[in-house]
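Notes to accompany the following structure.
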Amino acid sequence: MLSHRKLWGLYLGQFCLTSTLWFFLTWFPTYLVDFRGLDFIKAGLRRCRLLRARRRQGRAGRGLTGAAESRLSIVGKEWTTGDIFGSVKTPSPASDTSASETFAMADSRAADIQRLMETLGSGDAGQRAEAAELLCRAGAAAGEAAVALVRACGDDDEQVREWAVAALEDLGPPPAGSTPSLLDLAASGHPLVAYWAITLLGRSGQDAAAAATVLAGCLKAADLAVAQRAAWALGRIGPAAAPARDALQEAAASSEPRLARLAQEALDSVGS
């Protein structure tokens, strides 16, 4: 079977599609729940979103595989990646961006992020949704908008909330100095706002040591996902979360298994 060049592309395409599907159905949900702290429902929604994206990419991939098969079917031809995908052109030195242009682009990007943050407070739901979407597409560059995006999780418009959550999922630690604002939001009565404020505090690690007392209170939140996230965040803060030790011990004895496990892991991280 390996002697038929036409089948090589088919084998490769099927391997890539199957292994990717297996990854999303098995390992990925476990990673989201155990290491990113998502509850099972949020992990399932995240997985479905990525599977839809993979399906769209798969359509393009199948077309590419077909093109590769046609190239590989040329009898006796010695092929390379360049033969299949075409040669890659290296940019000429003349097209390199100067340092001054780089700084100007950075300043412009920062100004754009600031404008989008202001638009999140607009009275027009459509404008707010568009701003949240653009911040989501900005990726890590939207880090300065972290607190504004957490507030947007409490928006009355569902589309704004969805884009805000999608943007926050891809952000790293929040900007320096944002802990006081996040502490206020963590005590919010809106579960989704509290959840993401706590998440960003956890991503801050030891820099969010001042949040230990507030997070200890969140362990008793009526919303179970918020309580679980608080336990996860205290574990990320580590020994600096010692003021929350008593609350963690109480949570570790909870009848809710996942909360108990996360609280025990946090206690192990805090130490004696």
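Please treat every number below as a calculation from the coordinates, not as lab data. Quick caveat, the model's predicted, so the values are computed rather than measured. Please note: Cβ atoms are built from the backbone with ideal geometry, for glycine as well, and neighbour counts cover all protein chains shown.
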Could you grab the relative contact order for segment 108-169? Cα pairs under 8 Å, six or more apart, rounded to a whole percent.
-> 33
Based on the Cβ-Cβ distance of Lys220 and Ser122, what FRET efficiency does E = 1/(1 + (r/R0)^6) give at R0 = 35 Å, to the nearest 0.05?
-> 0.50
Output the relative contact order of segment 159-219, whole-number percent, from Cα pairs under 8 angstrom with separation of 6+ residues.
-> 33
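Among Arg115, Arg245, which comes first, then next, by fewest other beta-carbon atoms within 10 Å?
Details: Arg115 11, Arg245 17.
Ranked by crowding around the Cβ, least crowded first: Arg115, Arg245.
Report relative contact order for segment 177-272 in percent, whole number only (criteria: Cα-Cα under 8 Å, sequence separation at least 6).
Relative contact order for segment 177-272 comes out at 25 percent.
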So between Leu12 and Ala187, what do we pick up on full extension, going 0.36 nm a residue minus the alpha carbon distance?
-> 57.9 nm
Gain upon complete extension [Gln206, Ser255; 0.36 nm per residue less C-alpha separation] = 14.8 nm
So how many Å³ per residue does the convex hull of the Cα atoms of segment 177-272 work out to?
-> 70
HN-Hα couplings for segment 152-159 via Karplus (6.51, -1.76, 1.60; θ = phi - 60°), in whole Hz with x for Gly/Pro, come out as 5, 5, x, 5, 5, 8, 4, 5
